Amino acid sequence: YNGYPVTSIGAYAFQNCDSLTSVTIPDSVTTIGRGAFSGCSAMASVTIPDSVTSIGFFAFEYCTSLTTVTIPSSVASIGDAAFFGSDSIVSFAVNSENTKYSSEDGVLFNKDKTTLVVYPASKSDLSYAIPNSVTSIDHYAFAYSKNLTGVTIHDSVTSIGEAAFRDSISLTNV
């Protein structure tokens with residue numbers, strides 16, 4: 001900007017920009033701030049470059065047209081509820097070289113799969129068995145799940161975060 005590299009997208013920088021349909025974040029950006037794209041309901045795609053190390057709380061909250069999210073190898077932290085209310089997401093993909101996060105069958109986990117971070121709200125599966133490696137379910141992990149009617153939680157889970165199943169309208173069996 002004005003000859004200077006942009007290194008972060010500030011808190012709520014593009015909040016409620018409901019005509020924004022896609023975003024390509026420049027390679028100079030390392031931080032996506034709290035609520036940076038919150039409420040960008042028309043945003044169907046976002047390209048997160050390898051320079052980004054941090055995605056803030058509520059960064060992509062209520063991005064209701066976003067369907068897939070690719071997390072690059074550089075991302076070391078994702079804030080709680082970063083994708084809260086983004087109920088069109090069908091899958092998360094994580095670069096295999098990422099040391100903090102992973103994905104399996106479109107579900108976002110920490111690297112060693114002990115924490116289930118986010119289950120995609122529009123994933124078409126009707127049921128889901130949480131892997132035995134999981135000990136913790138993050139805050140809002142299953143929030144706004146549209147199709148999920150049943151979740152199997154194994155004895156390995158010792159912690160379930162706040163509002164983990166909030167507004168999972170089809171969920172009838174846990």
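The values are calculated or read from the model by the stated rules, or taken from the named source; none is laboratory data. Just so it is clear, the structure is predicted and the values come from calculations on it, not from any experiment. SASA here: full protein model, heavy atoms, side chains in, ligands and nucleic acids out. Shrake-Rupley method; radii C 1.70, N 1.55, O 1.52, S 1.80 Å.
For the chain, what is the relative contact order in percent, using Cα pairs closer than 8 Å and at least 6 residues apart in sequence? Could the numbers behind the result be given before it?
On the way: 522 pairs, mean separation 23.0, N = 174.
Over the chain, the number comes to 13 percent.
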Problem set entry | Protein accessible area in the chain, 1.4 Å probe - carbon and sulfur % | 49
Exercise. How big is the equivalent ellipsoid of the range 111-164 along its three axes, where each semi-axis is √(5λ) from the Cα gyration tensor, reported in whole Å from largest to smallest?
Worked result: 17, 12, 10
Exercise. How much accessible surface does Thr70 have with a 1.4 Å probe, in Å² rounded to 10?
Worked result: 90
Exercise. D for the chain, whole µm²/s, Stokes-Einstein with Kirkwood Rh over alpha-carbon pairs at 20 °C and 1.002 mPa s: what number?
Worked result: 133
For this session: For Glu61, Glu162, Glu97, Glu104, give the ranking by accessible area with the largest first, probe 1.4 Å.
Result: Glu97, Glu162, Glu104, Glu61
For this session: Keeping all protein chains in place, calculate the accessible area per residue for the chain (probe 1.4 angstrom), answer in Å².
Result: 46
Seminar exercise, completed: Here the range 82-88 yields Karplus 3J(HN,Hα) values (6.51, -1.76, 1.60; θ = phi - 60°; whole Hz; Gly and Pro given as x) of 4, 10, 4, x, 7, 7, 9
Exercise. Per-residue accessible area for Thr172 at 1.4 Å probe radius, Å² rounded to 10?
Worked result: 120
Problem set entry | Distance from the range 22-62 to the range 114-174 (C-alpha centre basis), Å | 24
